[in-house]
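Visitor: Can you read through this structure? Questions will come right after.
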């Protein structure tokens, strides 16, 4: 199993397949690198080197008590890119992973980055504030934490069965294997990491990070995201 050890002793699991220009995938909360398997196999077949890691506290990485914030997430991503000596990399981030990518570029610069792709990503800011009136009320995220703390297994079974994949839309047929795979990935990680991660993805303001991105960037975002 491939891992790196960060400066604070956290082991970060990663997958690294193929050769060619690297594409680095950052997953959403509360999942793991496994959520990118389909995309990794596709781009591997097109001649790219594909890399994905389990965020600290998620998947097969160390279930640390602390460090579940965007500063640590970005630092871990920087440590991975340096360990693998990646250059001209395309960084793809979904949801929380999109925040991780934006903050990584904002803090560590673009010397190793060729392009970025933000898919249904959390930037610039999710929570509602005076300067972000279009955000979601903090009570929404408090409710997520309460549901996680009450029964994480039930919460992780119900969330993908509803809005996460749009299965709550009329005429959409839920896929039980997809729901179970989401649950599996969520339950692999640590409850503390996932609980704290809700604050990290909802309350971090990425505005200044976004201003520092000058590489070509694809933003994919829909009204349901």
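What follows draws every value from the coordinates through simple rules; no lab data is involved. None of the values given here were measured: they were computed from a predicted structure. Don't worry about glycine lacking a Cβ; one is built from the backbone with ideal geometry, like all the others, and counts go over all protein chains shown.
Visitor: Only bridges with both residues in the chain count here: give the DSSP antiparallel percent, nearest 5. Don't skip to the answer; put the middle values down first.
Guide: Working: 7 of 26 bridges.
In the chain, approximately 25 percent of DSSP beta bridges are antiparallel ones.
Visitor: Here's a follow-up. Between 206, 164, 155, find the one with the highest GNM mean-square fluctuation for the chain; connect C-alpha pairs within less than 10 Å.
Guide: 164
Visitor: Additional query: By count of other Cβ within 10 Å, fewest leading, how are 107, 113, 219 ordered?
Guide: Working: 107 16, 113 23, 219 13.
The fewest-first ordering by Cβ neighbours comes to 219, 107, 113.
Visitor: Sort 172-182, 120-130 by the packing proxy (mean of other Cβ within 10 Å over each peptide's residues), most packed first.
Guide: On the way: 172-182: 12.6, 120-130: 18.6.
In descending order of packing, they fall as 120-130, 172-182.
Visitor: Rounded, prolate or oblate for segment 157-225? Axes are the square roots of the Cα gyration tensor eigenvalues, ordered a ≥ b ≥ c, and the cut-off for rounded is a/c under 1.5. Can you show the working numbers first?
Guide: Working: a/c = 2.49, a/b = 1.42, b/c = 1.76.
Oblate, because a/c is 1.5 or more while a/b does not exceed b/c.
Visitor: What percent do you get for the relative contact order of the chain when only Cα pairs under 8 Å and 6+ apart count? Can you show the working numbers first?
Guide: Details: 425 pairs, mean separation 54.4, N = 225.
With pairs under 8 Å counted, the relative contact order is 24 percent.
Visitor: Ranked highest first by average number of other Cβ atoms within 10 Å, how do 60-72, 135-147 line up?
Guide: Working: 60-72: 18.5, 135-147: 14.0.
Final packing ranking: 60-72, 135-147.
Visitor: If the elastic network links every pair of Cα atoms under 10 Å, which of 118, 148, 80 fluctuates the most in the Gaussian network model of the chain?
Guide: Evaluated over the chain, the most mobile residue of the options is 148.
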